[in-house]
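The numbers here are math on the coordinates, done by the rules we state, and not lab data. Nothing here was measured: the structure is a model prediction, and the numbers come from that model. Cβ sites come from the backbone with ideal geometry, for glycine too, and all protein chains shown count toward neighbours.
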Amino acid sequence: SSRPLLDRLKIRLSRLFQMNMVGESSESNGKVHRKVGLVYDETMCKHDTPDGEAHPERPDRIRVIWEKLQLAGVTQRCVVLSGTKAEDAHLQLVHTKDHVNLVKSSTNKKDYQSDRVASLVNSIYLNGSTSEAAYLAAGSVVAVTEKVAKGELDSGFAIVRPPGHHAEADEAMGFCFFNNVAVAASYLLDERPDLGVKKILVVDWDVHHGNGTQKMFWEDPRVLVFSVHRHEDGGFYPGGDDGSYNMVGEGPGEGFNINVPWEQGRCGDADYLAAWDHILIPVAKEFNPDIILLSAGFDAAIGDPLGGCRVTPYGYSVMLKKLMEFAQGKIVMALEGGYNLDSIAKSSLACVQVLLEDNPIQGSSEAIPFMSTWRVIQAVRKRLCAYWPSLADELPSKLTNQKTPTPIVLTSNSNSEAKDNAHELLDQMSKLNIENHQGDTKVSRSWRSDLSKVDVWYASFGSNMWKPRFLCYIQGGQVEGMTKPCVGSMDKSPPKGITWGTYPNRLFFGRESTNVWGKGGVAFTNPLTNPNDQTHMCLYRITLEQFNDVLFQENGLNVDFASPIFGLTALQLVEKNGSTPLEADLAPWYGNVVCLGREGDVPILTMTCTLSVIEKFASGEVPLSPPAKAYANTLIRGLVEGGIFSEEEAEAYIDNAASKPLYINGASRF
Ligand code: Q9C
Ligand code: ZN
């Protein structure tokens, strides 16, 4: 394993220590603990990319979860099971014989490729251990499910990979080979009538739609499949109409398939809990399942590089707690996706603590759902109320009016006063600037007014993550650590929104000194993505006009330019191509605007160096250099005050970014 030695030692020590502790406490305090099963088997780590290329669905995913549970001392309080291989007959309850045989015999990429080229392009890789891992993943979920159904265990968590919910009857896709949860559900219903399970609720909170599971139980009223996922009108993986709320099942299964398709990313605890309170929980009460199988992907977690959502460990724990009220708490969690190692470990621990009925972890849900969330919830309720009468009531407007706006592009400037102020300021500025001719001012006036009508999210990864520092670029001024003040933007209105995101880009520090911070390297991010890399960014919603003023200041320019450095044409280009190099002499530092995605209609833009400069950093022609203390502290303050990291974690994050060499990677998107 690639875990640092220190971690392994810590685990050893805590294991020794906790063995004694548990021996004493479980007898002395007399509290009856719930029996929670955990499946973990290192063999499932052997499934990997054939030639060691980086991939988000990587072996360490299950290792970090297991180590987190060990370090927290919960594994000693659970029943730990090693992996069990699935039986072909059980796999064939939901898969075709051909598919099972294909996975069984697929010992290398070529074998598989020759048979099913199409499958390979649909987000699948395999090596000589894939088949074994896939059999273990499915068989382990079956084994723990059987034990929970029998009552040998109260609940369980199968920490397995490869994941399962995208796998269809005759197709591997989305990193999945066998549909682990579907196999387990069918096993109970078809093979074990003696256990008395007649109704199964499948809850799929993986950020992706559980297309495989949906299809397998499409006409089956014994299995109620509920999936909440990013959908974006079919634009988010696995895409198409399958994940829409109109897909309710057919024949006897009509009404027994429920999709909650988010229209946007950034959904967090508030959005998920709203879906729970106003869809899943009322339906679960009516359905009254005998057992719950949870497709527990943690890729809707905050910081996930693929998901782009913001569910916290606390949010997951509350969602799970609410499910514990059903089926006498008989819940089997099976890991699906989840690609931020830290997030999946923390979220898994929070969930196991719920299964153990430990004191709930601390957290708060101050945030309120997006407008789009209420829109989706109301649409789902309307579509399904014929089958589930508890969804028929209209939601109180007191509730649905409490919402954060869904981002949209401003098509007209509603704030004409602000505009006039900006003009006034501009006039004053131009009077002060002798080089700014009358004619230029006119041009300037119109570009500013045009760009003030367009909103963007400016994603910052350097000192601007600290809000007071970023505000210097808007309002002018100077904060601790800066050697000179900023002039600020023409339009001094504060950002209309602030949020955080994590992107698969490499953060690094380079160049020797700057005007504003003095000696030391400053932050850049590689415009090329790599799933192993992560840059945390603080997003500010500002106008494109303000974005230009930030760009001017970042590049040491005055803000009284006659034309924008990044106008509407450049914006169109960047949205199409991903990045746009700016005029090289004008913007020597942050001369590359990169589009990281969109939130609703609003593009997310960051500024970094160009690829040719990246090459110079990688070759050593331009130096990489660690940030000076004052500069690093500003980043740390931003990350801590933004709630992304503790101080120690933030320090480690910066240290890591400052000390790793920079490699030029191929661009890759998963
Ligand atoms: N543009 C699970 O989370 N992404 N699978 C493909 C193609 C595949 C995720 C993107 C994501 C699969 C289990
Ligand atoms: Zn997923």
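How long is the gain from Asp233 to Asp60 if the chain were fully straight, where each residue apart is worth 0.36 nm and the alpha carbon distance is subtracted?
Between Asp233 and Asp60, full extension yields 59.0 nm more.
May I ask you to list the lysines whose Cα is less than 23 Å away from that of Lys104, ignoring any residue fewer than eight positions away on the same chain?
Lys46, Lys85, Lys215
Going by the alpha-carbon gyration tensor, a ≥ b ≥ c the square roots of its eigenvalues, is the stretch 475-619 rounded (a/c under 1.5) or, if a/c is not under 1.5, prolate (a/b greater than b/c) versus oblate?
Values: a/c = 1.32, a/b = 1.06, b/c = 1.25.
Here the stretch 475-619 falls in the rounded category.
With θ taken as phi - 60° and the coefficients 6.51, -1.76 and 1.60, list the Karplus ³J(HN,Hα) couplings across the stretch 483-493 in order, rounded to whole Hz; mark glycine and proline as x.
Each residue of the stretch 483-493 in turn: 8, 8, x, 9, 7, x, 8, 5, 8, 8, 5 Hz.
Using a/c under 1.5 as the rounded threshold, could you call the stretch 459-519 rounded, prolate or oblate? The axes a ≥ b ≥ c are square roots of the C-alpha gyration tensor eigenvalues, and prolate needs a/b larger than b/c, oblate otherwise.
It comes out oblate by the Cα gyration axes.
Among the listed pairs Lys97/Lys199; Lys35/Lys147; Lys198/Lys285; Lys150/Lys199; Lys321/Lys346; Lys453/Lys492, which have their C-alpha atoms separated by more than 18 angstrom in this model?
Check vs 18 Å cut-off fails for Lys97/Lys199.
Quick one: grab the alpha carbon gyration tensor of the stretch 232-391, order the square roots of its eigenvalues as a ≥ b ≥ c, and give me rounded if a/c is under 1.5, else prolate or oblate depending on whether a/b is larger than b/c.
oblate
How far apart, in nm, are the 7 Å Cα→Cβ label points at Ser612 and Asp88?
6.1
What is the calculated FRET efficiency for Asp98 to Thr483, with r their C-beta to C-beta distance and R₀ = 60 Å, to the nearest 0.05?
Step by step, r from the Cβ atoms, then E = 0.30.
Could you put Met607, Met173 in order, starting from the residue whose Cβ has the fewest other Cβ atoms within 10 Å?
Lowest to highest Cβ neighbour count: Met173, Met607.
Identify the residues of the stretch 334-356 with backbone N under 16 Å of a label point that sits 7 angstrom from the Cα of His33 along the Cα-to-Cβ direction, or state none.
It comes to 349-356, nothing else.
Beta carbons within 10 angstrom, averaged per residue: use that to sort the peptides 378-384, 499-505, highest first.
Descending packing order for the listed peptides: 499-505, 378-384.
Modelled label-to-label distance, Ser449 and Ser619, 7 Å Cα→beta-carbon offset: nm?
4.8
Between Glu641 and Val80, what length comes free when the chain is fully extended (0.36 nm per residue of separation minus the Cα-Cα distance, one decimal in nm)?
Numbers: separation 561, 0.36 × 561 = 201.96 nm, distance 3.84 nm.
The span from Glu641 to Val80 would gain 198.1 nm if fully extended.
Tell me the GluC sites (Glu not before Pro) within the stretch 141-184 that lie in a loop according to DSSP and have at most 16 other beta-carbon atoms within 10 Å.
Qualifying residues, ordered by number: Glu152.
Treating only the Cβ of Lys, Arg, Asp and Glu as charged (+1, +1, -1, -1), what charge dipole size does the stretch 231-325 show about its Cα centre? Round to the nearest 20 debye.
Charge dipole of the stretch 231-325: 420 debye, to the nearest 20.
Expressed as a rounded percentage, what relative contact order does the stretch 596-670 have, with Cα pairs under 8 Å and six or more residues apart?
Result for the stretch 596-670 is 26 percent.
Work out how much length Asp51 to Arg192 would gain on full extension: take 0.36 nm times their residue separation and subtract the Cα-Cα distance, in nm to one decimal.
Once the chain is fully extended between Asp51 and Arg192, it gains 46.6 nm.
For the pair Lys576 and Glu286, what calculated FRET efficiency results from E = 1/(1 + (r/R0)^6), where r is the Cβ-Cβ distance and R0 = 51 Å, to the nearest 0.05? Provide the component values of the computation, followed by the final result.
Details: r = 48 Å, r/R0 = 0.93.
Calculated transfer efficiency: 0.60.
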